[in-house]
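Undergrad: Before I ask anything, let me first share the structure, which is written out below as structure tokens.
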Amino acid sequence: MAMVPRFVRMVLVGAVVLGVLLAAAPASAVVGLVDGARPGGYRPEPWRTWVQEEWTAPAGRYCTFPLQVRVVTQNVRVRVVARYPDDTVRREEFAGPLVVDFVNGDTGRTARRDAGGSGAADYRPDGTWSRYTIVGPAGFGFRPGDHHPRGYYLLDGLHVIAFDADGTRRLTVAVGEQENVCLALGD
């Protein structure tokens, strides 16, 4: 896929995702999605602004050095698309442009990346994450003890991360590119 232009690749990934979702959904759910409603008549809530905060991970969490993420530009939105019967959030969607600088906290070496893909976060009734689906590019970190090599990755394409009840992370679907930015910064 490296020779396929990014826009074409994303259209192809989106078509595959939509095909899988529609093939697995009952006919009544497909009709609801076509008219803008979710199965059972639920409609997504309005989009609202979401702010990506800058952060620093300590040495050893993702990289051998402290990893800093500095926001260059952003216009990210979020909306709730499903709730549990007690009104807690079951699923949120994120979308919008985001450009960040990944910084090696020891050396100052910087790598600027587009992380403005889209995603859907699925939550358990207690509010902990159960799954995160990315149609990238988007960043995501794996720590020691997770079921994926440690690093902070820029994931481009379709990627699904599952969260065990203890918070352990595993990459369950990986279609597209995975760049470990720790390596780009000197790991």
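Undergrad: Among the residues of segment 125-144, how many are over 29 Å from residue 65 (Cβ atoms) and part of a loop (DSSP other than H, G, I, E, B)?
TA: 3
Undergrad: Can you list residue pairs whose Cβ atoms sit under 8 Å apart, with the first residue in segment 160-187 being free of Cβ contacts under 8 Å to residues at least 12 places away in the same chain and the second being open to solvent by 40 Å² or more (accessible area, probe 1.4 Å)? Count only pairs 6 or more apart in sequence or on different chains.
TA: If the second residue must be open to solvent by 40 Å² or more (accessible area, probe 1.4 Å), the pairs left are 164/170.
Undergrad: For residues that are surrounded by fewer than 18 Cβ atoms within 10 Å (Cβ to Cβ) and in contact with a Ser or Thr (Cβ under 7 Å, 6 or more places away or on another chain), scanning just segment 161-187, find the one that is modelled with the highest pLDDT.
TA: Among residues in segment 161-187 that are surrounded by fewer than 18 Cβ atoms within 10 Å (Cβ to Cβ) and in contact with a Ser or Thr (Cβ under 7 Å, 6 or more places away or on another chain), the one modelled with the highest pLDDT is 162.
Undergrad: Being of a type outside the set (Gly, Ala, Ser) and open to solvent by 20 Å² or more (accessible area, probe 1.4 Å) is the filter here, so list the residues in segment 99-118 that pass it.
TA: 99, 101, 106, 107, 109, 110, 112, 113, 114
Undergrad: Another question, then. Got a number for residues in segment 86-98 being within 14 Å of the chain's Cα centre (by Cα), open to solvent by 30 Å² or more (accessible area, probe 1.4 Å) and without any contact (Cβ under 8 Å) to a residue 40 or more places away in the chain?
TA: Selection size over segment 86-98: 2.
The values are calculated or read from the model by the stated rules, or taken from the named source; none is laboratory data. If you're wondering where the values come from, they're calculated on a predicted model, not measured in any experiment. Neighbour counts run over all protein chains shown; Cβ positions are idealised from the backbone, glycine included. These accessible areas exclude ligands, DNA and RNA; they are computed on the full protein's heavy atoms, side chains included. Shrake-Rupley method; radii C 1.70, N 1.55, O 1.52, S 1.80 Å.
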